[in-house]
1. Please figure out what share of the DSSP beta bridges in the range 2-202 is antiparallel and state it in percent, rounded to the nearest 5.
2. Relative to the compact-globule scaling 2.2 N^0.38 Å, provide the ratio for the alpha-carbon radius of gyration of the chain.
3. Roughly how far apart, in whole Å, are the Cα centres of the range 129-205 and the range 16-89?
4. Multiply the residue separation of R196 and W150 by 0.36 nm, subtract the distance between their alpha-carbon atoms, and state the gained length in nm to one decimal.
5. Taking amide hydrogens as modeled 1.01 Å from N in the peptide plane, which residues meet the under 5 Å criterion relative to V30, leaving out close sequence neighbours?
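Bear in mind that the values in this text are calculations on the coordinates, not laboratory data. All figures in this text were calculated on a predicted structure; none of them were measured in a lab.
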Amino acid sequence: MNVLLIHGMGRTPVSMLWLRHRLQADGHRVLLFGYSPTLETLEGVSGRLLRRIGQLEAGAPYALVGHSLGTVIIRNALQRLGDRPPALCFFLAPPLTASKAARRCSRWWLYRTLTGEMGQLLADEAFMAQLPMPDPVRIYAGTAGPQHDWLPLGREPNDGVVTLDEARGDVPEAVLEVDAVHTFIMNDAAVIADIRAQLRACQPG
């Protein structure tokens with residue numbers, strides 16, 4: 001199957017290399033998709049993703065794997081995929097709602113400069129709420145973040161950036177909780193094993 005890997009904010013396609021290696025070992029054609037939140041808009045990146053999907057073989061099934069902001073890009077592009085939706089979507093540490101971390105950081109000029117429009121949209125509750133959700137979807141929510149009253153996320157289970165509730169959204173039945181932190185969740189053994197199993201189950205025959 002064709003599998004597109006889309007990294008998160010502050011990362012590059014390099015962050016997805018180990019996951020790509022493991023999926024390629026199963027015979028999948030794995031493609032990396034890169035972008036820059038500092039230099040690009042969400043609509044611009046979503047348009048490039050749509051064009052990349054359009055370059056896949058006609059009728060060939062494909063899956064999308066997004067990490068953090070990568071899941072927002074996928075959701076923003078979904079409504080324009082028309083009659084060629086993904087066979088499966090995998091969301092790694094997704095902010096399905098406006099995240100507390102983004103709302104807090106959006107006040108800082110350095111965050112606004114480095115993350116551009118997309119960083120601001122992560123803090124916009126109305127925008128995040130109107131994004132469509134793929135079906136089927138598999139969500140991986142990390143719970144290895146610190147929990148203390150004096151930390152920004154308090155004692156809520158979290159991955160260090162996104163809380164468990166923010167990652168679950170309205171689809172808790174699609175969530176697999178893993179003992180992983182936000183930045184490296186794509187390298188977690190349980191996450192990789194589950195993605196491989198889900199892709200095998202989705203393969204024709």
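1. Working: 1 of 24 bridges.
So the antiparallel bridges amount to about 5 percent of the total.
2. Details: Rg = 16.2 Å, N = 205, 2.2 N^0.38 = 16.6 Å.
Taking the Cα Rg and dividing by 2.2 N^0.38 Å, one obtains 0.97.
3. After rounding, the separation between the Cα centres reads 18 Å.
4. Details: separation 46, 0.36 × 46 = 16.56 nm, distance 3.84 nm.
Computed gain between R196 and W150 is 12.7 nm.
5. Counting only residues 5 or more places away or on other chains, the set is V3.
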